[in-house]
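**Q** I have a structure here, written as structure tokens, and I will follow up with some questions on it.
The values are calculated or read from the model by the stated rules, or taken from the named source; none is laboratory data. All of these numbers come straight from a predicted model, not from anything done at the bench. With ideal geometry, Cβ positions are generated from the backbone for all residues, glycine too; neighbour counts draw on all protein chains shown. Side chains included, ligands, DNA and RNA excluded: accessible areas come from the protein's heavy atoms. Shrake-Rupley method; radii C 1.70, N 1.55, O 1.52, S 1.80 Å.
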Amino acid sequence: MKKRLLTHTLILLFSLPILGTAKDPTIDSLLHVLDQAIKDRSVYTKQKEDQIDSLKNLISKTMSATERLRLQNDLISAYQSFKCDSALVYIQRNIDLAASVNNHHLLLESKLKSVFVLAMSGLFTQSQDMLDSISYNSLPTHLKIFYCWSIIRYNENLIKYTANDEYTTFYKEENYRYRDTLIHLLGKGSDMYKKEKSFQLLAKGSFAEAADIQSQLFANERPGTHGYAMSAMALSIVYEELGNDRLKEYYLLLAAITDVKLAVKENEALLELAIYLKNHGDTDRAYTYINVALEDANFFNSRFRNAVIARSQPLIQATYLHKIAQQSENLRQFAIGLSILVFGLMLTLYFLYKQIKKVSEARQHLKVANEQLTLVNIHLDEANLIREHYLGHYINQCGIYLDKLDEFRKSVQRKIKAGQIEDLQRMNISSRAQQRDAEELYASFDRSFFQMYPNFLKEFNTLLRPGEQYHLEKNRLSTELRIFALMRLGISDVNQIALFLKYSIQTIYNYKSKVKNKVLPEIENFEEKVKQIGAINK
């Protein structure tokens, strides 16, 4: 009976990593390509920055207004999927330069580009104001095309941003009218005509026809280009409507890989892929991809993209944490079962040795005691590591939450200035409440920290010169000690410490320097010694 139970347990243990990992070989290969591309993101970003620097260098050496306008257009194209605020800067320069040379068509074109980038950055009011300043009827045909295209993109972003059925219906109807106008303006043989026609068919529910057109367009795109990524993204949308999950994931992966390698920070494909993987059980990758998408959105500096990601990130994060908790519970159950089996085995050996030789009984007791002590030490060490990991994670998330509350308060102030009363009715936060929340967080952190490291202050003071020790009341840490408490928990990144404590990075360095001036002269590697306070020595 015991042997059968052990066999079943081992089979279950070794089968756990295999369950749920069976994937289409092509999909699995693309996932690994994307994982590697994400690891190399800094390389691709550097390449993009070098390309931008080269354009800036050419612009600085160009005297001709016409040539400057052309080069700045190239720079805008490079920036509008990389850093939207920088794209807006050069669009404004083109507007000013076009006005100074009285190039009316280029002035209007630059304004329409501004409409698109402002909407991408979440500045919808400013984008609408720019649209209102342009008279559609006075535009030449090619700018009417750009005008309709810009409004369609503007409405699409609003649909994603608002996520409100009433507004979504209105924006979709408006897009249908403008797309119909745009299709009539375009020549039937052009790629742009085909793209817009496929989106029109998609809106009508003619998914198979839309898929045929998008497949033809995709076949003509050169791999590794932004057009290739956009075409792949469009195909993933079509196949989602057709209910073909495999092809949806396939084209999402192609789009995401291309975007990462092109350093496209407005990476919608990666966000959609994270949501898809979360819904299909690949929680680890979903968690990684949503965090990368958020980092890209912060780099891109788009409030619109941050807002869209913020609706999905908590759900993915909660699923990820639940999975970690479930794995921990499974391991605990397995450890219990294994311990029972080990105990039974040891008990059998104990009676066997007792019958053979009574003298060996004492030796066997000592062996069991040593083994149990080793297990206890291992478990204590593991518990210590897990405790530090989760507390560090909790602190980092709380810091991020405080920062979001601060941004929320600033948003309220902006809305007050803009007179957006209806928006304010849905918002209710105050700096006083935020300060109280922060104080409660720090108090909670201090209590939790002293529960885990009751001798922290005593051991910390042994590293300091006489007369420089800290004396605290009611287990409340000072700011300096809180910095080193965070370091003890494994949070060495000054940015994270500054974020949690709501100080500037320079202030954190000043506090650290102040404490280090109190350290005993013979103490070397002070910060490493702080990190060893309360550690278990095996």
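**Q** Kindly evaluate Y470 against the criterion of being under 29 Å from L402 (Cα atoms), surrounded by fewer than 16 Cβ atoms within 10 Å (Cβ to Cβ) and of a type in the set (S, T, Y). I'd like the intermediate steps shown before the answer.
**A** Working: under 29 Å from L402 (Cα atoms): yes; surrounded by fewer than 16 Cβ atoms within 10 Å (Cβ to Cβ): yes; of a type in the set (S, T, Y): yes.
For Y470, the condition - under 29 Å from L402 (Cα atoms), surrounded by fewer than 16 Cβ atoms within 10 Å (Cβ to Cβ) and of a type in the set (S, T, Y) - is met.
**Q** Taking the condition in a helix (DSSP H, G or I) and at pLDDT 80 or above, does R482 pass? Outline the logic, then answer.
**A** On the way: in a helix (DSSP H, G or I): yes; at pLDDT 80 or above: yes.
Yes, satisfied.
**Q** Could you list, in sequence order, all residues of the range 219-231 that are of a type outside the set (G, A, S), outside any helix (DSSP H, G or I) and either touching a residue at least 60 places away in the same chain (Cβ under 8 Å) or open to solvent by less than 60 Å² (accessible area, probe 1.4 Å) (or both)?
**A** In the first step, residues of the range 219-231 are kept if they are of a type outside the set (G, A, S); the result is 220-223, 225-226, 228, 230.
Then drop every residue that is not outside any helix (DSSP H, G or I), which leaves 221-223, 225.
Matches in the range 219-231: E221, T225.
**Q** Among all residue pairs at least 6 apart or on different chains, which show Cβ distances below 7 Å where the first residue, located in the range 476-500, is farther than 18 Å from N525 by Cβ and the second is of a type in the set (K, R) and open to solvent by 10 Å² or more (accessible area, probe 1.4 Å)?
**A** E480/K514
**Q** Do you know which residues across the range 501-528 are surrounded by 15 or more Cβ atoms within 10 Å (Cβ to Cβ), touching a strand residue (DSSP E or B) at 6+ places or on another chain (Cβ under 9 Å) and in contact (Cβ under 8 Å) with a residue 60 or more places away in the chain?
**A** F526
**Q** Could I ask something else about it? Of the residues L294, L277, L271, only one is assigned to a helix (DSSP H, G or I) and over 19 Å from V33 (Cα atoms); which? Quick ask: steps written out before the conclusion?
**A** On the way: L277 fails: over 19 Å from V33 (Cα atoms); L271 fails: over 19 Å from V33 (Cα atoms).
The conditions single out L294.
**Q** Counting only residues that are among the basic types (K, R) and within 21 Å of the chain's Cα centre (by Cα), how many does the range 23-71 have?
**A** 4
**Q** Listed residues N102, N157, N175, N94; which is of a type in the set (S, T, N, Q) and closer than 25 Å to G187 by Cβ? Please lay out each step first, then the result.
**A** On the way: N102 fails: closer than 25 Å to G187 by Cβ; N157 fails: closer than 25 Å to G187 by Cβ; N94 fails: closer than 25 Å to G187 by Cβ.
Going through N102, N157, N175, N94 in turn, just one is of a type in the set (S, T, N, Q) and closer than 25 Å to G187 by Cβ: N175.
**Q** How many of the residues making up the range 436-465 are within 30 Å of the chain's Cα centre (by Cα) and either at pLDDT 75 or above or among the aliphatic types (A, V, I, L, M) (or both)?
**A** Total satisfying the criteria: 11.
**Q** For a quick check of your reading: which helices (runs of 4 or more DSSP H) sit entirely within the range 52-165 and have at least 2 residues that are buried (at least 21 other Cβ atoms within 10 Å of the Cβ), of a type in the set (S, T, N, Q) and modelled with pLDDT of 85 or more? If you could, list the steps in order and put the result at the bottom.
**A** On the way: elements: 65-79, 84-100, 104-120, 124-132, 141-162.
Fully inside the range 52-165 and qualifying: 104-120.
**Q** A further question follows. Search the range 144-162 for residues that are under 11 Å from L131 (Cβ atoms) and pair each with any residue that is among the basic types (K, R) and surrounded by fewer than 22 Cβ atoms within 10 Å (Cβ to Cβ) when their beta-carbon atoms are under 6 Å apart and the residues are at least 6 apart or on different chains.
**A** Here the result reads none, with nothing in the range 144-162 linked to a residue that is among the basic types (K, R) and surrounded by fewer than 22 Cβ atoms within 10 Å (Cβ to Cβ).
**Q** Given the structure, is K538 modelled with pLDDT under 90, of a type outside the set (S, T, Y), open to solvent by 30 Å² or more (accessible area, probe 1.4 Å) and not in a loop (DSSP other than H, G, I, E, B)? Full working, then the answer.
**A** Numbers: modelled with pLDDT under 90: yes; of a type outside the set (S, T, Y): yes; open to solvent by 30 Å² or more (accessible area, probe 1.4 Å): yes; not in a loop (DSSP other than H, G, I, E, B): no.
Criteria not met by K538.
**Q** State yes or no: is A263 open to solvent by less than 30 Å² (accessible area, probe 1.4 Å) and in contact (Cβ under 8 Å) with a residue 40 or more places away in the chain? Before you say what the answer is, go through the steps one by one.
**A** Values: open to solvent by less than 30 Å² (accessible area, probe 1.4 Å): yes; in contact (Cβ under 8 Å) with a residue 40 or more places away in the chain: yes.
Criteria met by A263.
**Q** While we're here: Which of the residues that make up the range 445-479 are under 15 Å from V530 (Cβ atoms), of a type in the set (A, V, I, L, M, F, W, C) and part of a loop (DSSP other than H, G, I, E, B)?
**A** L463, L477
**Q** Suppose we filter the range 21-51 for residues that are of a type outside the set (V, I, T), open to solvent by less than 70 Å² (accessible area, probe 1.4 Å), closer than 30 Å to D282 by Cα and in a helix (DSSP H, G or I); how many remain? Show your work before the answer.
**A** Filtering the range 21-51 for residues of a type outside the set (V, I, T) gives 22-25, 28-32, 34-37, 39-42, 44, 46-51.
Remaining after also requiring open to solvent by less than 70 Å² (accessible area, probe 1.4 Å): 24, 28-31, 34-35, 37, 40-41, 44, 48-50.
When the remaining residues are screened for being closer than 30 Å to D282 by Cα, the result is 24, 28-31, 34-35, 37, 40-41, 44.
Add one more test, that the residue is in a helix (DSSP H, G or I), and what stays is 28-31, 34-35, 37, 41, 44.
Residues meeting the conditions: 9.
**Q** Residue by residue through the range 166-188, note down the ones that are over 20 Å from I213 (Cβ atoms), surrounded by fewer than 17 Cβ atoms within 10 Å (Cβ to Cβ) and either aromatic (F, W, Y) or at pLDDT below 80 (or both).
**A** E166, Y167, T168, F170
**Q** Name the single residue that is surrounded by the most Cβ atoms within 10 Å (Cβ to Cβ) among those in the range 232-250 being without any contact (Cβ under 8 Å) to a residue 24 or more places away in the chain and assigned to a helix (DSSP H, G or I). Spell out how you get there, then give the answer.
**A** Quick first cut of the range 232-250, residues without any contact (Cβ under 8 Å) to a residue 24 or more places away in the chain only: 240, 243-244, 247.
Adding the requirement that they be assigned to a helix (DSSP H, G or I) leaves 240, 247.
On the way: E240: 18, L247: 16.
Step by step, filter the range 232-250, then rank; the result is E240.
**Q** Applying the selection to the range 283-299, what residues are out of contact with any helix residue (DSSP H, G or I) (no Cβ under 6 Å at 6 or more places or on another chain) and either of a type in the set (S, T, N, Q) or touching a residue at least 40 places away in the same chain (Cβ under 8 Å) (or both)?
**A** Just the residues of the range 283-299 that are out of contact with any helix residue (DSSP H, G or I) (no Cβ under 6 Å at 6 or more places or on another chain), to begin with: 284, 288, 291, 295-296, 298-299.
Result: T288, N291, N298, F299.
**Q** Please give the number of the condition K458 fails out of (1) in contact (Cβ under 8 Å) with a residue 24 or more places away in the chain; (2) surrounded by fewer than 13 Cβ atoms within 10 Å (Cβ to Cβ).
**A** (1)
**Q** Which condition breaks for Q216 when tested against (1) in contact (Cβ under 8 Å) with a residue 24 or more places away in the chain; (2) of a type outside the set (D, E); (3) open to solvent by 60 Å² or more (accessible area, probe 1.4 Å)?
**A** For Q216, the failing item is (1).
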